[in-house]
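Notes follow once the structure below has been shown.
The values are calculated or read from the model by the stated rules, or taken from the named source; none is laboratory data. The structure displayed is predicted, hence computed values, not measured ones. Heads up, the Cβs are rebuilt from the backbone with ideal geometry, glycines too, and the neighbour counts pull from every protein chain shown.
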Amino acid sequence: MRLTRWTDYSLRVLMFCAACAQRQQPPTISEIAQAHGISRSHLTKIVMTLAAAGLLETTRGRGGGLRLLKPAHAIVLGDVVRLTETDFRLVECFDAAHNTCRLSGYCRLKGALREAMAAYLQVLDGTTLADLLDLPGLPADGLHAQPAADAPAAGEAPRGTDGSTFLRKVTESR
């Protein structure tokens, strides 16, 4: 399955905000747009959707910006993808109302793709936003790893980080 740009950018916004969670000044839409080379106008629409879904808090004015409303370890990728993707019909036969395929009664492709989609979503359901970030105190490979003995407790931000390493990598890769 290929994610839409909307979902890709939504994940980038959430990751950026998680990486900046310890900064005194929260990241802004302009800062994220510039770091990723994304239209500020388009990013504003995405941020409003994420805010309406209860994932982001937006504050206007001086000292304003974006903050996660939940800790990164509580934001599940499967939920974000289901929120931001509009079409999970991989092939025409997934939609009975519009299916015109003449092989529908004989073909097993639909079942194989449905199983693949379920496996795909199962992996995303087991992955959190925190798993995606390479921040001090988080495991290097991220996925499903156990926290190190000196790692922060659940809900606590990584010690000694303001997300600058992650953000430096984002801006250097452009």
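Brief remarks on what is shown
- Filtered by the rule that a residue be more than 12 Å from Gly64 (Cβ to Cβ), touching a residue at least 40 places away in the same chain (Cβ under 8 Å) and in contact with a strand residue (DSSP E or B) (Cβ under 8 Å, 6 or more places away or on another chain), region 17-36 gives Cys17, Ala18, Ala21.
- Flag for Gly78 being at negative phi, touching a Leu at 6+ places or on another chain (Cβ under 8 Å) and small (Gly, Ala, Ser): yes
- Residues that are farther than 15 Å from Leu11 by Cβ and in contact with a strand residue (DSSP E or B) (Cβ under 6 Å, 6 or more places away or on another chain), drawn from region 38-57: Ala51, Glu57
- Residues (in contact with a Leu (Cβ under 9 Å, 6 or more places away or on another chain), of a type in the set (Ser, Thr, Tyr) and without any contact (Cβ under 8 Å) to a residue 24 or more places away in the chain) located in region 38-72: Thr58
- Within region 2-98, helices (runs of 4 or more DSSP H) holding 2 or more residues that are within 29 Å of Leu113 (Cβ to Cβ) and not β-branched (Val, Ile, Thr): 5-19, 77-84
- Restricting region 13-31 to residues that are of a type in the set (A, V, I, L, M, F, W, C) and over 14 Å from the mean Cα position of the chain (by Cα), the residue that is modelled with the highest pLDDT is Ile29.
- In a residue-by-residue description of region 32-49, the property of being buried (at least 19 other Cβ atoms within 10 Å of the Cβ) and within 23 Å of Val123 (Cα to Cα) applies to no position.
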